1. Filter segment 107-134 for residues that are open to solvent by less than 10 Å² (accessible area, probe 1.4 Å), under 15 Å from VAL151 (Cα atoms) and among the hydrophobic types (A, V, I, L, M, F, W, C) and give the result.
2. If only one of LEU167, LEU227 is buried (at least 22 other Cβ atoms within 10 Å of the Cβ), at pLDDT 95 or above and touching a Phe, Trp or Tyr at 6+ places or on another chain (Cβ under 8 Å), which one is it?
3. Could you pull out the residue among ALA90, ALA104, ALA139, ALA45 that is in a loop (DSSP other than H, G, I, E, B), modelled with pLDDT of 95 or more, crowded, with 17+ Cβ neighbours inside 10 Å and among the small types (Gly, Ala, Ser)?
4. I need the full set of residues from segment 1-36 which are over 30 Å from GLY49 (Cβ atoms) and open to solvent by less than 50 Å² (accessible area, probe 1.4 Å), in order please.
5. Looking at (1) under 27 Å from TRP292 (Cα atoms); (2) open to solvent by less than 30 Å² (accessible area, probe 1.4 Å); (3) at pLDDT 95 or above, which one does PRO244 not meet, given that it meets all the others?
6. Looking only at segment 172-211, count how many residues are closer than 22 Å to ALA233 by Cβ, small (Gly, Ala, Ser) and not in a helix (DSSP H, G or I).
7. Only residues in segment 190-213 that are within 15 Å of ASP293 (Cα to Cα) and of a type outside the set (S, T, N, Q) count as the first member; pair them with residues that are assigned to a loop (DSSP other than H, G, I, E, B) and at pLDDT 95 or above, Cβ under 6 angstrom, at least 6 apart or cross-chain, and list the lot.
8. Tally up the residues in segment 177-221 that are of a type in the set (S, T, N, Q) and open to solvent by 70 Å² or more (accessible area, probe 1.4 Å), please.
Amino acid sequence: MSARRVDIKVGFQCNNLCHFCVQGDKRDRFPDRPLPRILADLRRARREGIDGVVFTGGEPTLHRGLLDAVAAARTLGFRGIQIQTNGRSAAYPDFCRRLKAAGATEFSPALHGPDAKTHDGLTRAPGSFRQTVQGIRNAVACGLSVITNSVVTSSNYRKLPALARLLVGLGVRQYQFAFIHIVGRAWENRSWIVPRKSDAMPFVRKGLDVGLRAGVRCYTEAIPYCLMKGYEACVAERIIPDGPVVDAEETLKSFRAYRQAHGKAKRAECRRCRWDPVCEGPWKEYPEIHGWDEFVPVRGRAR
């Protein structure tokens, strides 16, 4: 993916109803972003020297103008064109072929468990596991670069190693375990859906080991360095491209700046940690639920 990219939320409709959805009730409040506005967003990003774009939502594949937007991005010279999706539309092979023909370079589906019971239980969409897995197969077969995301919750963290084995077997280029962002519907369900990170970490590490042994890129997101001893190279914040986020209500100039200033939190003790210069800390809502005792500053100089 490109060094800088624009994240365009094309709409908030979705055929999943995930317990952890950060978009909350936006599907009920905002219509799809009109195609002319999306094209204007793309042109503005190119004028600013940005050469990567992520089309997301909601579920972007439900937007009737998505293929036109992808084709426009290619014409404008975007080098990286990613579709961030629940992956279900790709269960139809012709859709994958059309997406690639339009100019998409990366397909980023979300798979949240190694079996239908786990995944469908979190998405509240019976049959979504089957469709997403088939979508990954189809995307790999048609030559799209597949980069998956899995949200770490109380319901699935014990199954992360099995999920990693499934993803490697499906031929994905990269997978990521993203610790749940406790906003939107996740905040509504915070009493049961947010595990302690220290409980999840043994399974996160085993899940990363699967990819590392297979030579598949694998990362975590929103897990501070102090919990990632020996796996520091797998911290996704090191590699996430920065750039604006075009949302329904506003456009953030820098997602990295937003994360550091508003989205995530650190405490005074973090300044004693060797990783303080590069660590963003957990999402700020996490310490409100589980406190700070798990986060112990690492001594010494950062490598």
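The values are calculated or read from the model by the stated rules, or taken from the named source; none is laboratory data. Predicted model, so just to flag it, every value in this text is computed and none were measured. Cβ placement follows ideal geometry from the backbone for every residue including glycine, while neighbour counts extend to all protein chains displayed. Only protein heavy atoms, including side chains, enter the accessible area calculation; ligands, DNA and RNA are left aside. Shrake-Rupley method; radii C 1.70, N 1.55, O 1.52, S 1.80 Å.
1. Answer for segment 107-134, where residues must be open to solvent by less than 10 Å² (accessible area, probe 1.4 Å), under 15 Å from VAL151 (Cα atoms) and among the hydrophobic types (A, V, I, L, M, F, W, C): LEU111, LEU122.
2. Within the list LEU167, LEU227, the selection yields LEU167.
3. ALA104 is the lone residue from the list that is in a loop (DSSP other than H, G, I, E, B), modelled with pLDDT of 95 or more, crowded, with 17+ Cβ neighbours inside 10 Å and among the small types (Gly, Ala, Ser).
4. If the condition is that a residue be over 30 Å from GLY49 (Cβ atoms) and open to solvent by less than 50 Å² (accessible area, probe 1.4 Å), then CYS14, ASN16, CYS18, HIS19, PHE20, CYS21, GLY24, ARG27 are the ones that fit.
5. (1)
6. Restricting attention to segment 172-211, the residues satisfying the condition of being closer than 22 Å to ALA233 by Cβ are 172-179, 197-198, 200-211.
With the extra rule that they be small (Gly, Ala, Ser), the set shrinks to 178, 198, 200, 207, 211.
Subsequent filtering for residues that are not in a helix (DSSP H, G or I) retains 178.
The qualifying residues number 1.
7. Listed by first residue and then by second, the contacts come to PRO195/SER154; LYS197/GLU294.
8. Residues that pass the stated criteria total 1.
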